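Below is one structure, written out as structure tokens; comments come after it.
The values are calculated or read from the model by the stated rules, or taken from the named source; none is laboratory data. Quantities reported herein were computed from a predicted structural model and do not represent experimental measurements. Virtual Cβ from ideal backbone geometry, glycine too; neighbours counted across all protein chains shown. In case anyone asks, the SASA skips ligands and DNA or RNA and just uses the protein heavy atoms, side chains included. Shrake-Rupley method; radii C 1.70, N 1.55, O 1.52, S 1.80 Å.
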Amino acid sequence: MSEQERLCRVVQPILRWGMMISLALMLVGLALGIATGAEGTEIVPLEDIPSGLVEMDPLAFLTLGILLLIITPLARVFGALSVFLKERDRQFVLVSIAVLLAVTVAVLLGTI
Amino acid sequence: MEPLVLLLIALLCISAGLVGALMGIGGGLIIIPLLTLGFGIPMQEAIGASLIGVIATSTGAATRYVKQGLTNVRLALFLEMSTTIGSIVGALIAVYTDQTVLFLLFSMLLVYSAVMMVRHREIIFSPEDAACNDSLDLSCSYVDPKEDIKVSYGVKGLRKGLAYSGVAGMLSGLLGVGGGLVKVPVMNVCMNVPLKAATATSNFMIGVTALTGAVIFYGHGLLDAYLCAAVALGTFTGAYIGTRAVAHYSTAQLRKWFAVLLFIVAFTMVMKAFGLWGGA
């Protein structure tokens, strides 16, 4: 099996499951929101998500779905990195780390 | 927001996902005018929701393209090094530059890309031709879903590709688009990547570019949860259909549609620059 095929095998399930779970969470959130006619449309802070899920708060479901969607492309960079590490493909280990570092810088610049 | 309005937004966003998957772009160029002009949603909220929709298009399309082997994962990661840095720089510049200048510059770039798309004939290099030029081997192959033949290609012009991808990332941060409009022609024209592979690879990359912006919007609490969900569900559905439709279009058709899209967007950008449509 070539490296390209191995990459596809690792990356594809990450994208698919990330997508499916986040869509399911958003659908539940939308259905709950429409059924209960709950107030507010703003996303929930990170720390309030678990309690919100227990209370069946539609916004907690929607926020978790959105977060998971945002994280999915990042998760596949980690997935690719794991393949390059296993293959001892030094050049692409460095490339993946460079991408992760750049995203980290963006996150830091964005949250300040 | 009314459930019916959300449903309508989701349905209309299907078109953004469809075009996004077929052209290798995020679809933000459709989502933003749709939300701001069609539904009177404030620009910031629209951009936030659009970024979420762009990630959904990218991920939805990539799931299929990666499975088909159309996506060149190594090439994507290689170019992502410069798109991410570019998008940070772009976002920082955007704060200090006059929007009219930006819109005009961008529309010029689009017209240029469209002309290149129409004039250029696709060239396919064999991996042996290109591999010897660079120290990094990015060659790849895929089975064309329409012709059912194996296409092998080498990737050349790595430095040029990296530089232009940086520009693509910068425009993305600067103007809030996915950057696929620059990446696809650059990969095809400068790096000799077949259009279908370039489209799939660009789609794959856009997820990481949009993620950068989306995190900032999330951090500032600028995302409307219901709107984002409606847009994401719509674009995902469109991307799902689009990745299946791609098998029925030849590369030449894709190229023509792409050029038409570039001209339309360029026209819209000029209108926006002069405040004739939606305000700049």
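Relative contact order for chain A: 31 percent, from Cα pairs under 8 Å spaced at least 6 residues apart, divided by residue count. Expressed as a fraction of 2.2 N^0.38 Å, the value expected for a compact globular protein of N residues, the C-alpha radius of gyration of the stretch A:3-111 is 1.33.
Couplings 3J(HN,Hα) for the stretch B:2-7, derived from phi with the Karplus relation 6.51 cos²θ - 1.76 cosθ + 1.60 (θ = phi - 60°), are 5, x, 5, 5, 4, 4 Hz, where x marks Gly and Pro. Spin-label pair A:Thr104-B:Glu147: with each label point 7 Å from Cα along the Cα-Cβ axis, the two points sit 4.4 nm from one another.
The accessible-area loss of the stretch B:194-210 on complex formation, taken against its chain alone with a 1.4 Å probe, reaches 20 Å² or more at B:Phe204, B:Val208. Once neighbouring chains are kept in place and the probe is 1.4 Å, which whole percent of the accessible area of chain A is contributed by carbon and sulfur? Of the solvent-accessible surface of chain A, carbon and sulfur hold 68 percent. For the residues of B:234-245, the average number of beta carbons from a partner chain within 10 Å of their own beta carbon is 1. Residue by residue along A:33-42, Cβ atoms of other protein chains within 10 Å of the local Cβ number 3 on average. Once backbone amide H atoms are built at 1.01 Å from N, B:Leu138 has B:Val155 as its partners under 5 Å, excluding neighbours fewer than 5 places away on the same chain. For the protein assembly as shown, the C-alpha radius of gyration sits at 0.93 times the compact-globule guess of 2.2 N^0.38 Å, with N the residue count.
For the set B:Lys67/B:Lys160; B:Lys67/B:Lys256; A:Lys86/B:Lys160; B:Lys150/B:Lys196; B:Lys67/B:Lys150, the pairs lying more than 22 angstrom apart at their alpha carbons are B:Lys67/B:Lys160; B:Lys67/B:Lys256; A:Lys86/B:Lys160. Accessible surface for the protein assembly as shown, divided over its residues, is 43 Å² per residue with a 1.4 Å probe. Shielding by partners for peptide B:47-56, expressed as the average number of C-beta atoms from other protein chains within 10 Å of each residue's C-beta, is 3. Each residue of the stretch B:156-165 was assigned a 3J(HN,Hα) from its phi angle through the Karplus expression (A = 6.51, B = -1.76, C = 1.60, θ = phi - 60°), giving 10, x, 4, 5, 4, x, 5, 5, 5, 5 Hz with x at Gly and Pro. Rounded to the nearest whole Hz, the Karplus-based 3J(HN,Hα) values (6.51 cos²θ - 1.76 cosθ + 1.60, θ = phi - 60°) of the stretch A:74-91 follow the sequence 5, 4, 6, 5, 4, x, 5, 4, 4, 5, 4, 5, 5, 7, 6, 8, 4, 4, with x at glycine and proline. Near A:Ile43, the amide H atoms lying under 5 Å from its own belong to B:Leu223, B:Ala225; only residues 5 or more places off or on other chains count, and H is placed 1.01 Å from N. For the peptides B:205-211, B:34-40, B:69-75, A:97-103, the ranking by mean Cβ contacts within 10 Å, running from highest to lowest, is B:205-211, B:69-75, A:97-103, B:34-40.
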